[in-house]
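Heads up: the structure comes next, in structure tokens.
The values are calculated or read from the model by the stated rules, or taken from the named source; none is laboratory data. In this text the structure is predicted, and so the values were computed from the model without any measurement. Virtual Cβ from ideal backbone geometry, glycine too; neighbours counted across all protein chains shown. What goes into the accessible areas is simple: the full protein's heavy atoms, side chains included, and nothing from ligands, DNA or RNA. Shrake-Rupley method; radii C 1.70, N 1.55, O 1.52, S 1.80 Å.
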Amino acid sequence: AWELQKAIARRRGEDALPDSLVLLEHPHTYTLGRRGRRSDVLLDDEALMSLGVRVCNVDRGGEVTYHGPGQMVGYPVVDVRPMGGAVAYVRTLEALLIGTLRDFGLEARREYGLTGVWLRDAKIAAIGVKISRGITTHGFALNVNPDLSYFEHIVPCGIQGMVVTSMEQAVGEAVPMEEVAQRLTHHFGALFNRTMKEAAAER
């Protein structure tokens, strides 16, 4: 997925591809951003192996987070220069997530001074990005139906005691991933003023 992002970003920077949104689910993974510390992963290598979790150092902003099945990860590869840069871009990603959650009857919000989206007193979506020469990689992770126990083995986003929730936990039943992807795509198109067309990764 990281190699795919970099390939798209390279071609986007050459104007050989339009702005893009990659949506996927990862296998069990802890990623450490540029400010991430290995000590915020609370398991040793043997325990990680027994859980089937891989630890990856990546070049996004932020600290440690979890990715896994049941979580919708979005990697927008866009030129942010026309929209005013990094802060405006991150606020737009938050609006994208808040709008999507509202479609499922969930009133999420921003938390002052922090990045991401909260539902009541718990974080439901994380954001971590990289911007190079105006082109974005990495993006957001929305907890739809993940196994939330994997968050217990890290200090999410470097915040001690932070509670994490999911759409499934909030509505009381599993939420179809395809419906979430459709709503995310819709709001992405509306907020970024883009006509969305599906494309195979091979392209």
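Numbers for the structure displayed
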{"read-out": "Residue list for the range 98-119, filter: assigned to a helix (DSSP H, G or I), without any contact (Cβ under 8 Å) to a residue 40 or more places away in the chain and of a type in the set (D, E, K, R)", "value": "Arg102"}
{"read-out": "Residue within the range 112-121 that is out of contact with any strand residue (DSSP E or B) (no Cβ under 8 Å at 6 or more places or on another chain), of a type outside the set (Asp, Glu) and under 20 Å from Glu178 (Cα atoms) present", "value": "no"}
{"read-out": "Candidate set: the range 163-184, residues that are assigned to a loop (DSSP other than H, G, I, E, B) and open to solvent by less than 60 Å² (accessible area, probe 1.4 Å); chosen: the one farthest from Val117 (Cα to Cα)", "value": "Val175"}
{"read-out": "Test result for Asp44, open to solvent by 50 Å² or more (accessible area, probe 1.4 Å) and at positive phi", "value": "no"}
{"read-out": "Strands (runs of 3 or more DSSP E) within the range 1-97 that include 3 or more residues touching a helix residue (DSSP H, G or I) at 6+ places or on another chain (Cβ under 6 Å) and either farther than 25 Å from Ile159 by Cβ or at pLDDT 95 or above (or both)", "value": "20-24, 71-77"}
{"read-out": "Total residues in the range 120-143, condition free of Cβ contacts under 8 Å to residues at least 60 places away in the same chain, in a strand (DSSP E or B), open to solvent by 10 Å² or more (accessible area, probe 1.4 Å) and of a type outside the set (Val, Ile, Thr)", "value": "1"}
